[in-house]
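Asks: Below you will find the structure I want to go over with you.
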Amino acid sequence: MNKIINSFIYAARGISYVYKTQRNFRIQIIMMIVATVIGLLLNISAIHWAILFMISCLVLTLEIVNTAIETIIDMITDEYHVNAEKAKDAAAGAVLIASFFAVVIGFIIFLSYIF
């Protein structure tokens, strides 16, 4: 049981670290809260809530993975390396793609209730 509790503690520490150090993560949480408020105001369906929370979870999770990748690369080397840049850019690109489509999905869902 101690190992399970420790796993949750370590995960919470990781999330806390990302929250404290990554401005984009905080912005993404704010956007998720805004989407939640809009969803409440529009009284969206259960399936739309599920879609909204799944895409929000994907964006936040990718931001955490991006931070982990950047942290590992920074730990390995202080010097510029083209492959390190490629890895960091690819991880950031994954977050950007998920964020873009989160906005698109949000518009599709919310506009269907507005019009």
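Asks: Consider Thr61 carefully, then state whether it is without any contact (Cβ under 8 Å) to a residue 24 or more places away in the chain, part of a helix (DSSP H, G or I), among the hydroxyl-bearing types (Ser, Thr, Tyr) and closer than 21 Å to Ile97 by Cβ. So that I can check it myself, show each step before the final result.
Replies: Working: without any contact (Cβ under 8 Å) to a residue 24 or more places away in the chain: yes; part of a helix (DSSP H, G or I): yes; among the hydroxyl-bearing types (Ser, Thr, Tyr): yes; closer than 21 Å to Ile97 by Cβ: yes.
Considered against the rule, which asks whether it is without any contact (Cβ under 8 Å) to a residue 24 or more places away in the chain, part of a helix (DSSP H, G or I), among the hydroxyl-bearing types (Ser, Thr, Tyr) and closer than 21 Å to Ile97 by Cβ, Thr61 comes out as yes.
Asks: Would you say Phe100 is at pLDDT 95 or above, under 16 Å from the mean Cα position of the chain (by Cα) and part of a helix (DSSP H, G or I)?
Replies: Spelling it out, Phe100 is indeed at pLDDT 95 or above, under 16 Å from the mean Cα position of the chain (by Cα) and part of a helix (DSSP H, G or I).
Asks: Related question: Restrict the check to segment 33-49 and report whether at least one residue is surrounded by 13 or more Cβ atoms within 10 Å (Cβ to Cβ), among the β-branched types (Val, Ile, Thr) and without any contact (Cβ under 8 Å) to a residue 40 or more places away in the chain.
Replies: Yes, that holds for at least one residue.
Asks: Now a separate question. For segment 66-85, how many residues are surrounded by 11 or more Cβ atoms within 10 Å (Cβ to Cβ) and either of a type outside the set (Gly, Ala, Ser) or not in a helix (DSSP H, G or I) (or both)? Working first, answer last.
Replies: At the first step, the residues of segment 66-85 found to be surrounded by 11 or more Cβ atoms within 10 Å (Cβ to Cβ) are 66-74, 81, 84-85.
Imposing the further condition that a residue be either of a type outside the set (Gly, Ala, Ser) or not in a helix (DSSP H, G or I) (or both) reduces the set to 66-67, 69-74, 81, 85.
Within segment 66-85, residues that are surrounded by 11 or more Cβ atoms within 10 Å (Cβ to Cβ) and either of a type outside the set (Gly, Ala, Ser) or not in a helix (DSSP H, G or I) (or both) number 10.
Asks: Can I ask one more? Might you check whether a residue that is surrounded by 15 or more Cβ atoms within 10 Å (Cβ to Cβ) and within 22 Å of Ile108 (Cα to Cα) occurs anywhere in segment 18-30?
Replies: Taking every residue of segment 18-30 in turn, at least one turns out to be surrounded by 15 or more Cβ atoms within 10 Å (Cβ to Cβ) and within 22 Å of Ile108 (Cα to Cα).
Asks: In segment 1-60, how many are farther than 22 Å from Gly93 by Cα and aliphatic (A, V, I, L, M)?
Replies: Qualifying residue count for the region: 18.
Asks: While we're looking at this one, here's another question. Looking at (1) among the hydroxyl-bearing types (Ser, Thr, Tyr); (2) in contact (Cβ under 8 Å) with a residue 60 or more places away in the chain; (3) in contact with a Ser or Thr (Cβ under 9 Å, 6 or more places away or on another chain), which is the only condition Ser99 fails?
Replies: Checking Ser99 against (1) among the hydroxyl-bearing types (Ser, Thr, Tyr); (2) in contact (Cβ under 8 Å) with a residue 60 or more places away in the chain; (3) in contact with a Ser or Thr (Cβ under 9 Å, 6 or more places away or on another chain), the one that fails is (3).
Asks: Now for a separate question. Could you check how many residues of segment 94-115 are in contact with a helix residue (DSSP H, G or I) (Cβ under 9 Å, 6 or more places away or on another chain) and of a type outside the set (A, V, I, L, M)?
Replies: Qualifying residue count, segment 94-115: 6.
Asks: Restricting the search to segment 40-57, which residues are in contact with a helix residue (DSSP H, G or I) (Cβ under 8 Å, 6 or more places away or on another chain), in a helix (DSSP H, G or I) and more than 13 Å from Ile108 (Cβ to Cβ)?
Replies: From segment 40-57, those in contact with a helix residue (DSSP H, G or I) (Cβ under 8 Å, 6 or more places away or on another chain) are 42-44, 48-49, 51-52, 55-56; that's our starting set.
Restricting the remaining residues to those that are in a helix (DSSP H, G or I) gives 42, 48-49, 51-52, 55-56.
Scanning segment 40-57 gives Trp49, Ser56.
The values are calculated or read from the model by the stated rules, or taken from the named source; none is laboratory data. Model, not experiment: these values are computed from the prediction. Note that each Cβ is placed from the backbone with ideal geometry, even for glycine, and that neighbours are counted across all protein chains shown.
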